[in-house]
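The values are calculated or read from the model by the stated rules, or taken from the named source; none is laboratory data. Quick caveat: nothing in here was measured; it's all calculated off a predicted structure. When we count neighbours, we look across all protein chains shown, and the Cβ atoms used for this are built from the backbone with ideal geometry, even at glycine.
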Amino acid sequence: MTDITVEQDEQVDGVARDERGFWQPARGTAPPNPLFGWPPRPLVILKWLYGYLFPWNLGYMAIATATWLYWQPALSRCVEFRMDWILEMFVRNEILLVVIVSAWHMRFWALKRQGMKYKFTSAWMAVGNRKFLWGNQLRDNVFWSCVSGGIVWTGYEALSMWAYANEIIPYVDPRQEPIYCLLLMLSIPMWRVFHFYWSHRLTHWPPIYKAAHYLHHKNINIGPWSGLAMHPIEHLIYFSCVLLHWVVPSHPIHVLMNLQHAALTPSKGHLGFEKLV
């Protein structure tokens with residue numbers, strides 16, 4: 001009888017897999033976050049902070065900053081709900097989403113630059129599977145990400161900018177409070193992890209899972225477009241991370257960072273590969 005494991009190991013450059021073709025990573029427990037370790041280890045904490053910022057989170061902060069400076073409707077236009085400035089936000093958000101997620105998809109799934117190395121499964125995007133819209137996993141994922149995800153993302157952003165423009169939510173000027181604004185910006189990825197943990201647990205509550213979260217879990221074999229492929233109900237829960245700025249004094253750039261981080265990071269987290277090589 002043919003040794004399936006050996007054949008699969010050869011197929012994926014020696015990465016260990018089970019009989020289903022699923023990658024079997026080395027077992028072990030991840031080390032605890034050094035921020036919460038005792039006694040404090042300053043060098044270890046500094047190394048962790050470097051990895052926390054570079055390159056990804058610093059990149060998202062740069063995108064949010066550039067968006068605010070060059071690609072954001074002025075707050076003076078947001079006093080009243082009008083389709084012109086809301087549509088500008090929507091189109092910009094869709095461009096960001098398509099460009100960034102497609103870059104990951106092209107490298108790992110379309111061009112297969114990494115091959116099967118560290119890929120979770122030995123399968124690619126499903127075609128002809130009726131559980132996905134049009135029987136196509138990629139088209140299904142793009143639809144839910146861009147249509148439902150893009151609308152809810154933009155909706156939260158438009159509401160927030162309207163609230164800032166009408167002085168409904170607390171506003172802080174970075175020119176007057178630069179240290180506070182910088183620290184708040186740096187803390188947003190941590191807030192996102194905290195919010196995602198609890199919101200994700202909420203979506204696994206059986207009534208919400210059956211009504212909405214099941215859609216995301218249709219993607220057993222995940223790819224970059226799977227990350228934001230959610231039901232509109234789940235998008236409303238997921239993007240509610242921005243509500244932090246409705247109570248904590250913030251600047252619109254923090255809203256942009258929070259929402260863009262929520263929209264753009266799932267693609268990297270759903271590459272379908274454990275490591276980038």
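Descriptive notes on the structure:
- Number of positions in the stretch 103-136 that are assigned to a helix (DSSP H, G or I), in contact with a helix residue (DSSP H, G or I) (Cβ under 8 Å, 6 or more places away or on another chain) and either closer than 16 Å to T265 by Cα or in contact (Cβ under 8 Å) with a residue 40 or more places away in the chain (or both): 4
- Listing of helices (runs of 4 or more DSSP H) fully contained in the stretch 168-277 that carry 2 or more residues being basic (K, R): 178-203
- Here is the figure for the stretch 197-217: residues that are under 14 Å from F132 (Cβ atoms) and surrounded by 16 or more Cβ atoms within 10 Å (Cβ to Cβ) total 2.
Here's the yes/no breakdown for (1) touching a Cys at 6+ places or on another chain (Cβ under 6 Å); (2) of a type in the set (D, E, K, R); (3) under 19 Å from E157 (Cβ atoms):
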position	(1), (2), (3)
L97	no, no, yes
I100	no, no, yes
W104	no, no, no
Q114	no, no, no
Y118	no, no, no
R130	no, yes, no
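- Filtered residues of the stretch 227-237 (kept if surrounded by fewer than 24 Cβ atoms within 10 Å (Cβ to Cβ) and aliphatic (A, V, I, L, M)): I233, L236, I237
- The one condition from (1) part of a helix (DSSP H, G or I); (2) out of contact with any Leu (no Cβ under 7 Å at 6 or more places or on another chain); (3) surrounded by 12 or more Cβ atoms within 10 Å (Cβ to Cβ); (4) not small (G, A, S) that Y60 does not meet is (2).
- One residue from A74, A16, A26, A30 being modelled with pLDDT of 95 or more and aliphatic (A, V, I, L, M): A74
- Subset tally (residues that are under 17 Å from the mean Cα position of the chain (by Cα) and charged (D, E, K, R)) for the stretch 179-222: 2
- Qualifying positions in the stretch 119-158 - modelled with pLDDT under 95 and either within 24 Å of P252 (Cβ to Cβ) or within 16 Å of the chain's Cα centre (by Cα) (or both): none
- The listed residues are R82, R92, and the only one of them that is more than 20 Å from K218 (Cβ to Cβ) and surrounded by 15 or more Cβ atoms within 10 Å (Cβ to Cβ) turns out to be R92.
- Subset of the stretch 238-277 [of a type in the set (A, V, I, L, M), at pLDDT 95 or above and either at positive phi or surrounded by fewer than 21 Cβ atoms within 10 Å (Cβ to Cβ) (or both)]: L243, L244, V247, V248, I253
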